[in-house]
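The structure appears below as structure tokens.
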Amino acid sequence: MRVFRFDEIDSTNSFLKRENKLENYDLAIAKNQSEGRGRRGNTWVSKEGAALFSFVLKEDSNLIMEEYRKLPLVVGVAVLRALKKFENLDYKFKWTNDIYVNDKKISGILVEKINENFIIGIGINVNNEDFGDLSSPASSMRIESGREFHIEEVVFAVVEEFKNCFKEFVDGEWKLMLNEINKANYLLDKPVTVKIIDKIIRGIGGVVLEDGTLEVAVDGIKKSFDIGEVHISFKDNQ
Ligand code: BTN
């Protein structure tokens, strides 16, 4: 595992994707990103004071690709567990990739794949208080707790927690993690909008199911929606 530190870079995910020979858990950390990326081509506003980092997970031939579809959820559990160690806030997990506190986004996860490597990119609003002009409300650990944190300590805690979580996942402890996800399920009982290409479906968020899909009640009928296929939001404009 190598650690690459940058005062500024376009994006820590893009940096690792450009590297030729990646090792498991190679880690890129930046103070600022000029082209921080979120999911669905969104920009991730990358202000100093946030934890902006990406690391490599080499594909394990023992796990089938279907299982890797749950990877963003496993990363989410790692972020939840790690952040709790710093400040015991009421963190919520918004399926599939976001952490919320008090109805505001505090962290986002972007998992990409290049060759046999997954690039796990995480942005956590740690000490920053400026989130640019976002359509959805954001907050930081500092705002919510009233104190500052050592950014690299947060980064390394998340990576270490992910290593534990991934081992648990490979060892068959998925149900335990799923339980944690459902305890912190932000979308439960909330009106949600499911966008599948140009089709929009409205419903009420339910539990995250064993296969990692989200249950949504549409006109009273429970349907499940898959990670990657849909964009779920609890407001029309997100
Ligand atoms: C999202 O909320 O849509 C995901 C945001 C992921 C942001 C992180 S910041 C570090 C890494 N580098 C990027 O360009 N994106 C991820």
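Can you list the helices (runs of 4 or more DSSP H) found entirely within segment 121-218 that contain at least 2 residues being in the same structural domain as Val77 (by TED's automatic domain parsing) and surrounded by fewer than 17 Cβ atoms within 10 Å (Cβ to Cβ)? Can you show your working first?
On the way: elements: 141-145, 151-170, 174-183.
Correct list: 151-170, 174-183.
How many residues, within segment 85-105, are within 10 Å of the chain's Cα centre (by Cα) and in a strand (DSSP E or B)?
4
Looking at (1) within 11 Å of the ligand (Cβ to nearest atom); (2) charged (D, E, K, R); (3) surrounded by 17 or more Cβ atoms within 10 Å (Cβ to Cβ); (4) farther than 22 Å from Gly205 by Cα, find the lone condition where Lys94 falls short.
If we test Lys94 against (1) within 11 Å of the ligand (Cβ to nearest atom); (2) charged (D, E, K, R); (3) surrounded by 17 or more Cβ atoms within 10 Å (Cβ to Cβ); (4) farther than 22 Å from Gly205 by Cα, just (4) comes out false.
Every residue in segment 58-90 that is among the aromatic types (Phe, Trp, Tyr) and in contact (Cβ under 8 Å) with a residue 60 or more places away in the chain, please.
Filtering segment 58-90 down to residues among the aromatic types (Phe, Trp, Tyr) leaves 68, 86.
Correct list: Phe86 only.
Output the residues belonging to segment 1-33 that are in contact (Cβ under 8 Å) with a residue 12 or more places away in the chain, charged (D, E, K, R) and more than 11 Å from the ligand (Cβ to nearest atom). Spell out how you get there, then give the answer.
So the first thing to find is which residues in segment 1-33 are in contact (Cβ under 8 Å) with a residue 12 or more places away in the chain, and the list is 1-17, 22-33.
Among the residues that remain, those that are also charged (D, E, K, R) are: 2, 5, 7-8, 10, 17, 23, 26, 31.
Within segment 1-33, Arg2, Arg5, Asp7, Glu8, Glu23, Asp26, Lys31 meet the criteria.
Yes/no matrix, rows are residues, columns are (1) more than 21 Å from Leu80 (Cα to Cα); (2) in contact with a Gly (Cβ under 7 Å, 6 or more places away or on another chain); (3) of a type in the set (S, T, N, Q):
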| site | (1), (2), (3) |
| --- | --- |
| Met177 | no, no, no |
| Leu187 | no, yes, no |
| Thr193 | yes, no, yes |
| Gly203 | yes, no, no |
| Thr213 | no, no, yes |
| Ala217 | yes, yes, no |
| Ile221 | yes, no, no |
| Ser224 | yes, no, yes |
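Out of segment 1-33, which residues are within 21 Å of the chain's Cα centre (by Cα), in a loop (DSSP other than H, G, I, E, B) and surrounded by fewer than 16 Cβ atoms within 10 Å (Cβ to Cβ)?
Answer for segment 1-33, where residues must be within 21 Å of the chain's Cα centre (by Cα), in a loop (DSSP other than H, G, I, E, B) and surrounded by fewer than 16 Cβ atoms within 10 Å (Cβ to Cβ): just Asn24.
Could you run through segment 34-57 and say how many residues are assigned to a helix (DSSP H, G or I) and near the ligand (Cβ under 8 Å from one of its atoms)? Steps first, answer last, please.
Of the residues in segment 34-57, the ones assigned to a helix (DSSP H, G or I) are 39-41.
Going one step further and asking which of them are near the ligand (Cβ under 8 Å from one of its atoms), we end up with 39-40.
Residues in segment 34-57 being assigned to a helix (DSSP H, G or I) and near the ligand (Cβ under 8 Å from one of its atoms): 2 in total.
Within segment 100-137, take every residue that is polar (S, T, N, Q) and either in contact with a Pro (Cβ under 9 Å, 6 or more places away or on another chain) or farther than 19 Å from Asn42 by Cα (or both) and give me the one that is nearest to the ligand (Cβ to nearest atom). Show your work before the answer.
Within segment 100-137, the subset polar (S, T, N, Q) is 102, 107, 115, 117, 125, 127-128, 135-136.
Still in the running and either in contact with a Pro (Cβ under 9 Å, 6 or more places away or on another chain) or farther than 19 Å from Asn42 by Cα (or both): 102, 115, 117, 127-128.
On the way: Asn102: 17, Asn115: 18, Asn117: 15, Asn127: 15, Asn128: 12 Å.
Out of the qualifying residues, it is Asn128.
The values are calculated or read from the model by the stated rules, or taken from the named source; none is laboratory data. Small disclaimer: the values here were computed from a predicted structure and weren't measured. FYI the Cβ positions are ideal-geometry reconstructions off the backbone, even for glycines, and counts take in every protein chain you see.
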